[in-house]
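Everything on this sheet refers to the single structure shown next.
The values are calculated or read from the model by the stated rules, or taken from the named source; none is laboratory data. Owing to the predicted nature of the structure, the values given are computational and were not obtained by experimental measurement. Methodologically, a virtual Cβ is constructed for each residue, glycine included, from the backbone with ideal geometry; neighbour enumeration extends over all protein chains shown.
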């Protein structure tokens, strides 16, 4: 059985194997047992962090940097101690192994040739500007080829097959060299060997090689990725045997999102370090080092102390506050959702909120119905994004102009309209101009859920509104990864809409198609089963509605008045049934509630 992983057992372990050790405060000092076996000319001192309040309790390192530091399992391996006698070491542990064969040819000799150990001038001065000593550069095997800094990317087997070359002071001027395979994201983890050394301990993950050098100068273990895009190739299984993972990226919104995504995959062991609110965009450890100099260690220690174990859940206090704020916002409102402009529809559905899916036969007027609701909402100062895959931006504007001006499309094309028509047209144009402040039409067929999220954020920011109405015309025309799997694609889109509804306070109006019966006709009794490739509609829709024409679509002149009935066929909050009858206001491209 391995020794228990208690503070007392770790302390006793080091005292047993470092017989000449002495305490200085909460740090153990002893002659380094590894220096005599290294190239170090002057034996160094080994220090061990035994501060019971520290996340790095049990971390050892040699001040002469003869070997990289680590925690008790790494110490035990270096001295050849039986794993059963090492606290926190599991003798049955299986290390993370990748299924690959490393090439026999390495770049180790080339890395040694470029090392900065015996160089002076520009590269050394560059690192000294943010406090990096020659000892750290030597330990991390940083090089210089006469023009570029050379950051070697050693792999788990201790060999280097590729390195990252960066121009001092110009991160944009960079390139990779070495074995092409080892330039891929999977292998772009700088100082990857520290993961194994930090078993049963803690480790930093940071962005950029320079930032890792700052941490190493302070004595912290860590790894770095050259860019945030590499994080996707960093499997959480690598950190299974590490107790705490500290994430410290640049000060930016993109880095914050990446940090939360990484922390979510790592679980509660992750802790995100946050920059003070007064720091500029892009602020990093090298800038902090230049500003604080000798106080850098204390500044980083404060950030570590203030960090909290990551949780994807909102704190109870914040959740309660958000609940009360939402309750206060709805106080005094006649409707919970956005008004439709139709009195009976508002009464039946309490306004537009959540995901509302409308089905109807082809040419029944679904698009016209939603155009009217959404443009009226925009005229009232509510933000609207209209995703159109059925009509066109010009057609939406033209039909809205007809409805507002009470002029037909034919009248709009006349060269010399009469004074009354000209006045109506001018007034309608002014109204549309104001409306467009809150109304956007998107026809991009490369739309994705992530793009939709960003566009909603932009819309709310530009209009300074807290919610957004999203119209999708239509569900069956949304882009799918594989067109042959449209049913699966529809279900996937509906799940994303549910998430966007909850995350971004968005309300959806979605046009859907109906299924034909056995004889090729549409059902006269509307229900959920009427929706084409319904899939998750019955689970995702907050309201499912059907617009059913009461006139012959193939013979539009057969009745004097074209009237359709709107049915609420399913709802989470309201009772299903008939909402109202609507007369098509032709040729003005609108509906009137009867």
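I'm checking my understanding of the structure. Among residues of region 76-98 that are under 19 Å from residue 158 (Cβ atoms) and outside the structural domain of residue 18 (by TED's automatic domain parsing), which one is surrounded by the fewest Cβ atoms within 10 Å (Cβ to Cβ)?
Result: 97.
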Residue 404 being surrounded by fewer than 18 Cβ atoms within 10 Å (Cβ to Cβ) and closer than 17 Å to residue 374 by Cβ: no
What pairs come up if the first residue lies in region 247-271 and is assigned by TED's automatic domain parsing to the domain that holds residue 212, the second is assigned to a strand (DSSP E or B) and modelled with pLDDT under 90, and their beta carbons are under 9 Å apart, counting only those six or more places apart or on different chains? 268/309; 269/309; 270/309; 271/309
Residue check for residue 327: surrounded by fewer than 22 Cβ atoms within 10 Å (Cβ to Cβ), modelled with pLDDT of 90 or more and in a helix (DSSP H, G or I): no
Checking 347, 320 in turn, the sole residue that is surrounded by fewer than 18 Cβ atoms within 10 Å (Cβ to Cβ), part of a helix (DSSP H, G or I), at negative phi and in the same structural domain as residue 499 (by TED's automatic domain parsing) turns out to be 347
Which ones in region 5-45 are in a loop (DSSP other than H, G, I, E, B) and surrounded by fewer than 15 Cβ atoms within 10 Å (Cβ to Cβ)? 6, 19, 20, 25, 26, 39, 41, 42
Test residue 112 against the stated conditions and say whether it is out of contact with any helix residue (DSSP H, G or I) (no Cβ under 9 Å at 6 or more places or on another chain), modelled with pLDDT under 95, surrounded by 12 or more Cβ atoms within 10 Å (Cβ to Cβ) and not in a loop (DSSP other than H, G, I, E, B). yes
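Touching a strand residue (DSSP E or B) at 6+ places or on another chain (Cβ under 6 Å) and crowded, with 16+ Cβ neighbours inside 10 Å, is that true of residue 73?
no
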Residue 337 being free of Cβ contacts under 8 Å to residues at least 40 places away in the same chain and touching a strand residue (DSSP E or B) at 6+ places or on another chain (Cβ under 9 Å): no
So which residues in region 407-446 are in a loop (DSSP other than H, G, I, E, B) and buried (at least 18 other Cβ atoms within 10 Å of the Cβ), if there are any at all? 407, 438
Within region 364-375, does at least one residue satisfy the condition of being in the same structural domain as residue 458 (by TED's automatic domain parsing), out of contact with any strand residue (DSSP E or B) (no Cβ under 9 Å at 6 or more places or on another chain) and not in a helix (DSSP H, G or I)? no
Residues (under 21 Å from residue 55 (Cβ atoms), under 24 Å from the mean Cα position of the chain (by Cα) and surrounded by 14 or more Cβ atoms within 10 Å (Cβ to Cβ)) located in region 272-298: 272, 273, 274, 275, 285
Give the residues of region 24-63 that are more than 17 Å from residue 12 (Cβ to Cβ), in contact with a helix residue (DSSP H, G or I) (Cβ under 6 Å, 6 or more places away or on another chain) and in contact (Cβ under 8 Å) with a residue 60 or more places away in the chain, sorted by residue number. none
